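K.L.:
Following this message is one structure expressed as structure tokens.
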Amino acid sequence: MPEGDGTFEWNATTMIVVNLHAGKTVGTGYSYVDASAAHLINDTLKATVVGSNALDIDHIGQRLLRQVRNSGRSGIAACAISAIDLALWDLKARLLNTSLCQLLGQVRDLVPIYGSGGFTTYSDDVLCQQFSRWVHDNGCRFVKMKIGAEPERDPHRILAARSTIGDAELFIDANGAFKPAQSVRFAEAIRQYDVRWFEEPVSSDDEAGLRFVRQSIPPSMEVAAGEYVFTLDDARRLLSAGAVDILQADATRCGGITGFLRIAALAETYHIDISCHCGPCAHLDVACALPGLRHIEWFHDHVRIEEILFDGAPKPEDGAIKPDLSRPGNGLQFKARDAEKYRI
């Protein structure tokens, strides 16, 4: 059904997929981005990658960044490079015949997830059914809902969600729909519902506004942002401004595994935890290699897509997912035949 949040509505999601071949070995990466990213890869970036040393990921990455210098490193270019980087890391692990999380340096066996959906286009019944399934069937200890399209209805929706999930933690995400003072008033209005996470109450471009909200809302409620971090400098600006309690990052946008690791290291220097935004299959291995990571977003859209298109997609158990160490690389196999009917 149609979906929406505080600032946008959609009825389709586009994935681009990169397959890198080294002899008979194939590495796969992907990003959720406009189809034009695939044209950028084929027409501009592919020639930089083909013929390179498959193990020399940093060198390839630097050359890719030079290729998009005049086009801009953020947005579509960043997502295209992210998909290539994810494929490179998968390929490297497969060539070395090891799982990707072990190659990265595994520090945990499994990663907590939080159920994410609760779209503003949902009726209360659909919202509660979704949350009940995540908490009671999948064991999620955290769930997140969208707010902001109709702020006057949101307290009622939040109450319905709280009544459904019991003791599980409730997160809300405005996708930048509010102004700073409005965000603070809203946080006060829902104080009794014990919301623990307020994501993007204002635009993530407004570091000062995020900092104001963070300093003004109840101390039990954390401010989160970072899903639109495309570069290390984007993350630095949020962190140096004191804008967030927890930093989000998305490996399908921020430069793949390479970019995610650098952002996580930067967050550690600020003593800020990090959380994986969406794309659970893309994040599972790197999440297992980071001690300062909270959880992975179990995003409704991407979970459905990845279950359809990838053999080896993880299944939640007791509110967590874990890698299959018996499978090399990221453990995924792109189901090209099943995907063909969705090609655009």
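The values are calculated or read from the model by the stated rules, or taken from the named source; none is laboratory data. From a predicted model like this one, the values you see are computed outputs, not experimental measurements. Using ideal geometry, Cβ is built from the backbone for each residue, glycine included, and neighbour counts are taken over all protein chains shown. Areas reflect the complete protein model, heavy atoms only, side chains present, ligands, DNA and RNA absent. Shrake-Rupley method; radii C 1.70, N 1.55, O 1.52, S 1.80 Å.
K.L.:
Might you check whether a residue that is over 14 Å from ASP5 (Cα atoms) and of a type in the set (D, E, K, R) occurs anywhere in region 170-177?
P.N.:
Looking for residues that are over 14 Å from ASP5 (Cα atoms) and of a type in the set (D, E, K, R), one finds none in region 170-177, hence no.
K.L.:
Test ALA320 against the criterion of being touching a residue at least 40 places away in the same chain (Cβ under 8 Å) and buried (at least 23 other Cβ atoms within 10 Å of the Cβ), and give yes or no.
P.N.:
Judged against the criteria, ALA320 is not a match.
K.L.:
Still on this structure, I have one more. Report yes if SER71 is of a type in the set (S, T, N, Q), at pLDDT below 95 and farther than 23 Å from PRO291 by Cα, otherwise no.
P.N.:
yes
K.L.:
Applying the selection to region 60-104, what residues are under 15 Å from ALA22 (Cβ atoms) and open to solvent by 50 Å² or more (accessible area, probe 1.4 Å)?
P.N.:
Within region 60-104, LEU95, LEU96, ASN97 qualify.
Here's the yes/no breakdown for (1) among the aliphatic types (A, V, I, L, M); (2) within 23 Å of LEU88 (Cα to Cα):
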residue	(1), (2)
THR269	no, no
CYS276	no, yes
ILE296	yes, yes
PHE299	no, no
PHE310	no, yes
GLY331	no, yes
PHE334	no, yes
ALA339	yes, yes
ILE344	yes, no
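K.L.:
Next up: Which numbered condition in (1) at pLDDT 95 or above; (2) in contact with an Asp or Glu (Cβ under 8 Å, 6 or more places away or on another chain) is the only one that GLY51 fails?
P.N.:
For GLY51, the exception is condition (2).
K.L.:
If ASN42 satisfies all but one of (1) touching a residue at least 60 places away in the same chain (Cβ under 8 Å); (2) open to solvent by 80 Å² or more (accessible area, probe 1.4 Å); (3) more than 27 Å from ARG327 (Cα to Cα), what's the number of the condition it fails?
P.N.:
(1)
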